[in-house]
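Each remark here refers to the structure printed beneath this line.
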Amino acid sequence: MKIGLSLGGGGARGYANIGVLRALEEARINIALINGASIGAIIGGAYALCSDSNELERLAAAQVEKMNLHYSSIFRNARANDSFLRNWLLHAACDVSSLRSSVYSHKRNLKALAFIFGEQRFSDTAIPFSAAALDLLSGRTISIKEGKLVDGILPSISIPGMFPPVERDGFLLVDGGVLADVPVRELHDEGADFVIGVGLGPDDLVRTVSNGFSIVTYIDVLKGEALAHGELAAADFSFTVQLPGFDILRFEGYEEAIAEGYATAKRYLPQLERKLDEARSG
């Protein structure tokens, strides 16, 4: 039975996926396929290469120190308990750069990805891996699984409006988390017999509808939540790592996120192992 693992996005909360992987390693649950969206694609791709959660934590520590990946300056003090869309629009509305296709280039993203993946390719991974991205032309989620890992993961972390879409193979691609924050269905399509989906939460949005603008952004978040729940429901087993109050931009808090991911996965392991036994015997 091929067990697939689908890792969700959520900024710095994505480091919790490392803790989940550690718990699965200890339980000797062998992952045959892995995918992810946004930072889930970064963690998934790195794990597909090394199959070692300790190495992933070492990489996280080195990257935070070397690359200074705190994006507060980019997002202009956006807070984790506010809608990202609301914060960005409020500041970008008066920013001349918002008239372009994106506020920022991919220069920093490419540097960060190159630090992790170098010249490695999808074909170099020990575990088959794919990165999920949204094609703006067709409105479909696309699985990227060929070429250089840096080039394939970049579209999956391209936050619409903030970073430019990536043109690839006739597609115009942006962050996979827009439609498939946990791209479970894509992993089923790629041949997984049993898919474990890992979401990251909670949505700390302050749910106010005091004016027309807040109503629009609130509706946008509700749609996103419904899509995320639908993806997790398509998994054979899923859970969400809850990180209340954890700033999605605080990448230096990776140890806290890893610890919570590990603790959450350990709590769910008995249920997961029962489901796996049922699937194998069925």
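The values are calculated or read from the model by the stated rules, or taken from the named source; none is laboratory data. Since we're looking at a predicted model, the values are computed, not measured. Here Cβ is always computed from backbone atoms with ideal geometry, including for glycine, and neighbour counts include all displayed protein chains. In case anyone asks, the SASA skips ligands and DNA or RNA and just uses the protein heavy atoms, side chains included. Shrake-Rupley method; radii C 1.70, N 1.55, O 1.52, S 1.80 Å.
Results for (1) surrounded by fewer than 24 Cβ atoms within 10 Å (Cβ to Cβ); (2) over 22 Å from residue 272 (Cβ atoms), shown as yes or no for each residue.
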| residue | (1), (2) |
| --- | --- |
| 127 | yes, no |
| 156 | no, yes |
| 171 | yes, yes |
| 195 | no, no |
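Results for (1) modelled with pLDDT under 50; (2) of a type in the set (Phe, Trp, Tyr); (3) closer than 30 Å to residue 1 by Cα, shown as yes or no for each residue.
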site: 28; (1), (2), (3): no, no, yes
site: 49; (1), (2), (3): no, no, yes
site: 53; (1), (2), (3): no, no, yes
site: 59; (1), (2), (3): no, no, no
site: 62; (1), (2), (3): no, no, no
site: 67; (1), (2), (3): no, no, no
site: 79; (1), (2), (3): yes, no, no
site: 92; (1), (2), (3): yes, no, no
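What number of residues in region 131-152 are small (Gly, Ala, Ser), assigned to a strand (DSSP E or B) and within 20 Å of residue 106 (Cβ to Cβ)?
Within region 131-152, the subset small (Gly, Ala, Ser) is 131-133, 138-139, 143, 147, 152.
Subsequent filtering for residues that are assigned to a strand (DSSP E or B) retains 131-133, 143.
Filter once more, so that each one left must be within 20 Å of residue 106 (Cβ to Cβ): 131-133.
Residues meeting the conditions: 3.
Does residue 253 satisfy the condition of being in contact (Cβ under 8 Å) with a residue 60 or more places away in the chain and either under 22 Å from residue 11 (Cα atoms) or open to solvent by 60 Å² or more (accessible area, probe 1.4 Å) (or both)? So that I can check it myself, show each step before the final result.
On the way: in contact (Cβ under 8 Å) with a residue 60 or more places away in the chain: yes; either under 22 Å from residue 11 (Cα atoms) or open to solvent by 60 Å² or more (accessible area, probe 1.4 Å) (or both): yes.
Spelling it out, residue 253 is indeed in contact (Cβ under 8 Å) with a residue 60 or more places away in the chain and either under 22 Å from residue 11 (Cα atoms) or open to solvent by 60 Å² or more (accessible area, probe 1.4 Å) (or both).
Looking only at residues in region 30-42 that are at pLDDT 95 or above and polar (S, T, N, Q), which one is surrounded by the fewest Cβ atoms within 10 Å (Cβ to Cβ)?
If we take residues in region 30-42 being at pLDDT 95 or above and polar (S, T, N, Q), then 30 is surrounded by the fewest Cβ atoms within 10 Å (Cβ to Cβ).
Considering only region 134-151, how many residues are open to solvent by less than 10 Å² (accessible area, probe 1.4 Å) and touching a residue at least 60 places away in the same chain (Cβ under 8 Å)?
Going through region 134-151 one residue at a time, the tally reaches 1.
In region 176-199, what residues are acidic (Asp, Glu) and over 12 Å from residue 140 (Cα atoms)? Write out each step before concluding.
First, the residues of region 176-199 that are acidic (Asp, Glu): 181, 186, 189-190, 193.
If the condition is that a residue be acidic (Asp, Glu) and over 12 Å from residue 140 (Cα atoms), then 181, 189, 190, 193 are the ones that fit.
Can you name the number of the only condition in (1) of a type in the set (S, T, N, Q); (2) touching a strand residue (DSSP E or B) at 6+ places or on another chain (Cβ under 9 Å); (3) modelled with pLDDT under 90; (4) within 26 Å of residue 255 (Cβ to Cβ) that residue 120 fails?
Tallying (1) of a type in the set (S, T, N, Q); (2) touching a strand residue (DSSP E or B) at 6+ places or on another chain (Cβ under 9 Å); (3) modelled with pLDDT under 90; (4) within 26 Å of residue 255 (Cβ to Cβ), residue 120 fails exactly one: (3).
Look at region 1-20 and say how many of its residues are outside any helix (DSSP H, G or I) and surrounded by 24 or more Cβ atoms within 10 Å (Cβ to Cβ). Walk me through it before giving the result.
Start the filter on region 1-20 by keeping residues that are outside any helix (DSSP H, G or I), which leaves 1-10.
After this cut, where a residue has to be surrounded by 24 or more Cβ atoms within 10 Å (Cβ to Cβ) as well, the list is 4-10.
The qualifying residues number 7.
Conditions tested, residue by residue: (1) hydrophobic (A, V, I, L, M, F, W, C); (2) modelled with pLDDT of 95 or more; (3) within 20 Å of residue 227 (Cα to Cα).
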residue	(1), (2), (3)
138	no, yes, yes
148	no, yes, no
153	yes, yes, no
160	no, no, yes
163	yes, no, no
171	yes, yes, no
177	no, no, yes
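If I filter region 94-110 down to residues being modelled with pLDDT of 50 or more and exposed (fewer than 11 other Cβ atoms within 10 Å of the Cβ), which single residue comes out as nearest to the chain's Cα centre (by Cα)? Talk me through it step by step, then tell me what you get.
Of the residues in region 94-110, the ones modelled with pLDDT of 50 or more are 100-110.
Subsequent filtering for residues that are exposed (fewer than 11 other Cβ atoms within 10 Å of the Cβ) retains 101, 107.
Numbers: 101: 23, 107: 20 Å.
Looking at residues that are modelled with pLDDT of 50 or more and exposed (fewer than 11 other Cβ atoms within 10 Å of the Cβ), I get 107.
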